[in-house]
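One structure is given here, and the rest of the page talks about it.
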Amino acid sequence: MKKSILITGCSSGIGYCAAHGLQARGYRVFATARRQESVDMLLAEGLESFQLDLDDSDSIRSAVEETLRRSQGQLYALFNNGAYGLPGAVEDLSREAMRAQFETNFFGWLELTNLILPIMRKQGYGRIIQNSSVLGFAAMPFRGAYNASKFAIEGLSDTLRLELRGTHIFVSLVEPGPIATRFRANAMQAMERYIDIEKSVHREKYLAVQARLNKQGPAVPFTLPPEAVLKKVIHALESPAPRARYYVTFPTYLFAYLRRILPTRALDKLLAKAGSDHQ
């Protein structure tokens, strides 16, 4: 039987690349997406696809049931990938905005993982891969909601990895820096929905953020294609001893190194500059 994997957020970017790349590698891929039009596109491209909305518990349960129905109750791997970024200063983030960010980026992942874990425990093996970010361990200004959701995923994943020791269920974090995806376009929509730019003390900075998000092509240096993430996902799936963390892109390696060697004040200065340069 082919090894099967459930992937969230496959409509574009990393999830889309992983779905096609892993299917080509011989995996049975269940490529899920939030919108039906995305599912239709994936089906037309030869993938097994159905809806999974991370903000909706019923949708999550239905997707898990469909996955297990198709795979005869077994699942080798789960790739939690579906997420979005909400740009904005912390002081401009409402409770509603932060809750929306966590519903997708954190609570949906938690609920889905907890529905899959009993299956993996029963079969005696499994791989859980969490698509985190360099912003899961190095905070940058005006990304507070996204920073917080990814820091939370890192803490949850570290805890889960400890709790699963000795079970042959492995948890790995993938930590990309800038990747060429639709992330910026989705971030723009989120900012327009939740941030009142005209009333903010940070209005001028938001205008710069809008210019960056609307820019065509890579907005920052060292941007890599989503295939760079796929390479790490393959290692996490196929290594007999997968790593706890996989860095992707030069900025992730750089900030991980600087975080170990620099005092907090010096690191803050660098992160503040990096965040301002890439508004």
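Values in this text are rule-based calculations from the coordinates and carry no lab data. Note that the structure is a prediction, hence the values are computed from the model and not measured. FYI the Cβ positions are ideal-geometry reconstructions off the backbone, even for glycines, and counts take in every protein chain you see.
Taking Cα atoms only, the orientation of helix 57-70 departs from the longest principal axis of the chain by about 40 degrees.
Only helical runs count toward this figure. For the chain, summing -39,500 (n - 2.57) over DSSP H runs of n ≥ 4 and dividing by all residues gives -16000 deg cm²/dmol at 222 nm.
Taking amide H positions as modeled 1.01 Å from N, with prolines and chain starts lacking one, the residues under 5 Å from Leu224 and 5 or more places away or on another chain are Ile179, Ala180.
Remark on Arg245: its backbone amide H falls under 5 Å from those of Leu173, a criterion applied only to residues 5 or more positions apart or on other chains, H modelled at 1.01 Å from N. Per the Debye calculation on region 113-221 with a single equal scatterer at every Cα and no solvent contribution, log₁₀ I(q)/I(0) for q = 0.17 Å⁻¹ amounts to -0.89.
For a paramagnetic label modelled on Arg61 (point 7 Å from Cα along Cα→Cβ), amide N atoms under 18 Å away belong, within region 71-113, to 107-113.
Within region 18-115, the trypsin sites (Lys or Arg not before Pro) that combine a DSSP coil assignment with at most 11 other C-beta atoms in a 10 angstrom radius are Arg35. When you filter the trypsin sites (Lys or Arg not before Pro) in region 119-182 for DSSP loop state and at most 16 other Cβ atoms inside 10 Å of their Cβ, you are left with Arg165, Arg182. Ranked by how many other Cβ atoms sit within 10 Å of their own Cβ, fewest first, the residues Cys10, Cys17 fall in the order Cys17, Cys10. For the pairs Lys232/Lys273; Lys2/Lys122; Lys205/Lys269; Lys205/Lys231, flag any whose C-alpha to C-alpha distance is greater than 26 Å. Over 26 Å Cα-Cα: Lys232/Lys273; Lys205/Lys231. Remark: the chain carries a charge dipole of roughly 980 debye about the Cα centre, counting +1 on each Lys and Arg Cβ and -1 on each Asp and Glu Cβ. The amide H of Arg127, built 1.01 Å from its N in the peptide plane, has Ala77, Leu78, Phe170 as neighbours under 5 Å, considering only residues 5 or more places off or on other chains. Projected onto their three principal axes, the Cα atoms of the chain cover extents of 56, 43, 33 Å, largest first. Using only Cα atoms, find the angle between the long axis of helix 144-163 and the longest principal axis of the chain, and express it within 0 to 90 degrees, rounded to the nearest 10. Once rounded, the angle reads 40 degrees.
Over the chain, what is the relative contact order in percent, taking alpha-carbon pairs closer than 8 angstrom and at least six residues apart? Computed value for the chain: 19 percent relative contact order.
What is the distance, in nm, between label points placed 7 Å from the Cα along the Cα-to-Cβ direction at Ala208 and at Leu258? Label-label distance for Ala208 and Leu258, simple model: 1.6 nm. Among Leu262, Leu117, sorting on how many other beta-carbon atoms sit within 10 Å of each Cβ, with the fewest leading, yields Leu262, Leu117. Roughly how tilted is helix 108-123, in degrees to the nearest 10 and between 0 and 90, from the longest Cα axis of the chain? For 108-123 against the chain, the angle is about 30 degrees. The length gained by stretching the chain between Arg35 and Ala244 to full extension, at 0.36 nm per residue less their Cα-Cα distance, is 72.1 nm. Once the C-beta distance of Thr167 and Lys199 is scaled by a Förster radius of 41 Å, the resulting FRET efficiency is 0.20 to the nearest 0.05. Between region 74-138 and region 197-274, how many Å separate their Cα centres? Cα centres, region 74-138 to region 197-274: 18 Å. Calculated on the alpha-carbon coordinates, the convex hull of region 19-119 measures out at 115 cubic angstrom per residue. Among Val229, Val90, sorting on how many other beta-carbon atoms sit within 10 Å of each Cβ, with the fewest leading, yields Val90, Val229.
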